[in-house]
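The values are calculated or read from the model by the stated rules, or taken from the named source; none is laboratory data. What you see is a predicted model; the values in this text were computed from it and never measured. FYI the Cβ positions are ideal-geometry reconstructions off the backbone, even for glycines, and counts take in every protein chain you see. Protein only, heavy atoms only, side chains kept; ligands, DNA and RNA dropped before computing areas. Shrake-Rupley method; radii C 1.70, N 1.55, O 1.52, S 1.80 Å.
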Amino acid sequence: MTSVNGYVPRLLRGSALKVTNQVAQALVAFFLTPFVIRSLGDQRYGLWTLLCGFIGYYGLLDMGLSASVVRHLSGSLGARNRQACDEYFVSALALYSGIGLLALAISMLLGFSSGMLGFSAEDARTFRWVVFILGTNAALHFPVVVFDSVIVAELRYDVSNMVSLLSLLLRTGLTVVVLLHGGQLISLSLVALLAQLPAYAFRVFYGLSLLPGLRLHWLGLAQSRIRELASFSAYVFLGQLANQLRFHLDYVVITFSIGLIAVTHYKIASMLILHANMLVRAFSGVTGPLFSRLDGADERSSIEEVFMLSTRVSVALSTFVCFGFVVWGKRFIGMWMGPSYLDAYPCLLVLAVGTWIMMCQGPSINLLVGVSHHRFPAFLNLGEGVANLAISLLLVRPLGIVGVALGTCIPMTVCKLIIQPAYTAHVLNLSYAGLLLRMGRTLLSAGGSLVLPLLLSLLWVRPNMAFLLGQGLLCLVLYTAGLWLLELSAAEKKWFLGYMRAVVGPFARKRMPLLWQVLRQSD
């Protein structure tokens, strides 16, 4: 894995900042969501959730191109083919510029049709203006995707996530100011647009700086490159369509079967699940472009090693996160949102089961897309999405929002636990049982490491949010210590401590002598 070692510092920096970004998003959601709901009310917040869901469908206009652009740019960089890299870039920019104009046209059409959707006159006006503003934001976003793809292909996740973090802070500050001054949904949509403009400008500037000598002219357009991008993206698009069915249609089903207020209650559970999934992916999701680079350099053994390591990380992290949902979820929701929102806890439990299995299998999606084996999971996810919608429609009437959660969990469990790992093992030339056995070893280590946190959580309970968060951090420390003892090999411990000495050493020698002595004695 010598060739991978050169990328390790860059990936670790990117992963650390990505985790910081996700933690910041979770903290913002923690503090801001109750404030926003109380400022808008359940009805208006439900409408805001539905509106954001509508705009979320604009992601389908991407048609899988973003993954295709990153895949081909990464492969070209790995093969040191600069001409191909430039041709992919210019071709992608032309395609995305057209998509941006299409998004703007759809926003205009959808906005002027708002009166036909059955809303009241006031809600129709709000819908129209929010769609116009957020649609403009989406239209600007699409061309910027190409520049961001260059940043990701160069494995500069640190830069990308730093920009996202600053944009999040700007949006949060503006949101608080607007709501304190009585702003409503139209004002919130303007905040979303204005907070993104500086980030767009920086991504364009930095993306261009990573491709010195690039000339932005249409002579770089190549029909063969466009066909390659489109061919790859067609199957990624199926996966994106499946994700819309799996995660975004739930709100539509609930809106028209139960009502907007129920959307707000379901959003509490799904928001927690979303942040958990993004947090786990922040640790293991940086490997996608790396798989493409290794594939371009024809280093198959390194691909398998990176995959197994990232899978172990995903299993360990997702197990602790879902443990937290089960043990602390009910108390957290009650203290965070209030007793009237506790009906979100059963949904959280159901969603946590399927999401835990999905997060464990996250690296396999990075692998399959990274090495161009993305057709099978695309059709698999599409089938899962259709089953999700069908089961949700079947169960929403008798079981309410829990039925919708079951509609998500049941097909996700079947696909991610049985079918997807079997196909991944086939791609890696491993046995299905052997792959599950390797994951099972990490799961056993994780289970053993959860014994002390479980006892601590059951025997030491206080109805206080600060206490609950402190208990969670203490349990995380105990869990990490258990994994250090049970999961990591002697060679892995030695590598990690050596890396920490190299990175932290200069700072620790001056500011933290005790930590420095520990690192020195670790040999």
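Can you tell me how much longer the chain between ALA121 and ILE186 gets when fully stretched, taken as 0.36 nm per residue apart minus their C-alpha distance, in nm with one decimal? Walk me through the numbers on the way to the answer.
Numbers: separation 65, 0.36 × 65 = 23.40 nm, distance 1.49 nm.
Length gained between ALA121 and ILE186: 21.9 nm.
In whole Hz, with x marking every Gly and Pro, tabulate ³J(HN,Hα) for the stretch 198-206 from phi via Karplus 6.51 cos²θ - 1.76 cosθ + 1.60, θ = phi - 60°.
The phi angles translate into x, 5, 4, 4, 5, 4, 5, 4, 6 Hz.
Going by amide H atoms built from the backbone, whose H comes under 5 Å of the H on ILE258, apart from near neighbours?
Under 5 Å from the amide H of ILE258: no residue qualifies.
Near LYS330, which lysines are there with a Cα under 22 Å away, not counting those fewer than 8 places off in the same chain?
LYS267
If we sort 386-396, 403-413 on the protection proxy, mean other Cβ atoms within 10 Å, highest first, what's the order?
Going from most to least packed, we get 403-413, 386-396.
Would you tally the net charge around MET465, using a Cβ to Cβ cut-off of less than 15 Å, leaving MET465 out, and scoring K and R as +1, D and E as -1?
+3
Using R₀ = 41 Å, calculate the FRET efficiency as 1/(1 + (r/R₀)^6) where r is the Cβ-Cβ separation of PHE467 and ALA94; round to 0.05.
On the way: r = 56 Å, r/R0 = 1.37.
About 0.15, to the nearest 0.05.
Tell me the net charge near SER372. Cut-off is 11 Å between Cβ atoms, SER372 excluded, with +1 for each Lys or Arg and -1 for each Asp or Glu.
Working: positive: ARG71, ARG375; negative: GLU228, ASP295.
Neighbour charge sum, excluding SER372 itself: 0.
Need one number: nm distance between label points at LEU452 and LEU399, each 7 Å from Cα along Cα→Cβ, rounded to one decimal.
3.8 nm
Give the calculated FRET efficiency between LEU417 and THR20 to the nearest 0.05, with a Förster radius of 35 Å applied to their Cβ-Cβ distance.
0.65
Where a Cα-Cα gap under 14 Å defines reach, which aspartates and glutamates qualify for LYS493, not counting those fewer than 8 residues away within the same chain?
Once the sequence-local aspartates and glutamates are set aside, what remains near LYS493 is ASP523.
Could you let me know the centre-to-centre spacing of the stretch 49-111 and the stretch 127-147, using Cα atoms, in angstrom?
The stretch 49-111 and the stretch 127-147 have Cα centres spaced 13 Å from each other.
Return the sequence-ordered ³J(HN,Hα) values of the stretch 42-47 in whole Hz as given by the Karplus equation 6.51 cos²θ - 1.76 cosθ + 1.60 applied to θ = phi - 60°, using x for Gly and Pro.
3J(HN,Hα) across the stretch 42-47, in whole Hz: 4, 5, 5, 5, x, 5.
What is the packing order of peptides 191-201, 422-432, 136-146, taking the mean over residues of other C-beta atoms within 10 Å and listing the highest first?
Peptide ranking by packing, descending: 136-146, 191-201, 422-432.
Taking the alpha-carbon distance from LYS18 and a cut-off under 13 Å, which aspartates and glutamates remain once sequence neighbours fewer than 8 residues away in the same chain are dropped?
In chain and number order, the partners are ASP158.
Got a sec to turn the phi values of the stretch 176-188 into Karplus ³J(HN,Hα) couplings, 6.51 cos²θ - 1.76 cosθ + 1.60 with θ = phi - 60°, whole Hz, x for Gly and Pro?
My calculation for the stretch 176-188 gives 4, 4, 5, 5, 5, 9, x, x, 10, 5, 5, 5, 5 Hz in order.
Accessible area per residue for the stretch 380-438 in Å², computed with a 1.4 Å probe and the full protein assembly in place, what is it?
43 Å²
Classify the stretch 64-194: rounded, prolate or oblate, from the alpha-carbon gyration tensor (a ≥ b ≥ c, eigenvalue square roots; a/c under 1.5 rounded; otherwise prolate if a/b is larger than b/c)?
Cα axes put the stretch 64-194 in the oblate bin.
Could you order the peptides 122-135, 327-340 from most to least packed, using the average number of other C-beta atoms within 10 Å per residue?
Going by the mean number of other Cβ atoms within 10 Å, highest first, we get 122-135, 327-340.
What's the center-to-center distance, using Cα atoms, between the stretch 308-358 and the stretch 384-461 in Å?
Each part's Cα centre sits 12 Å from the other's.
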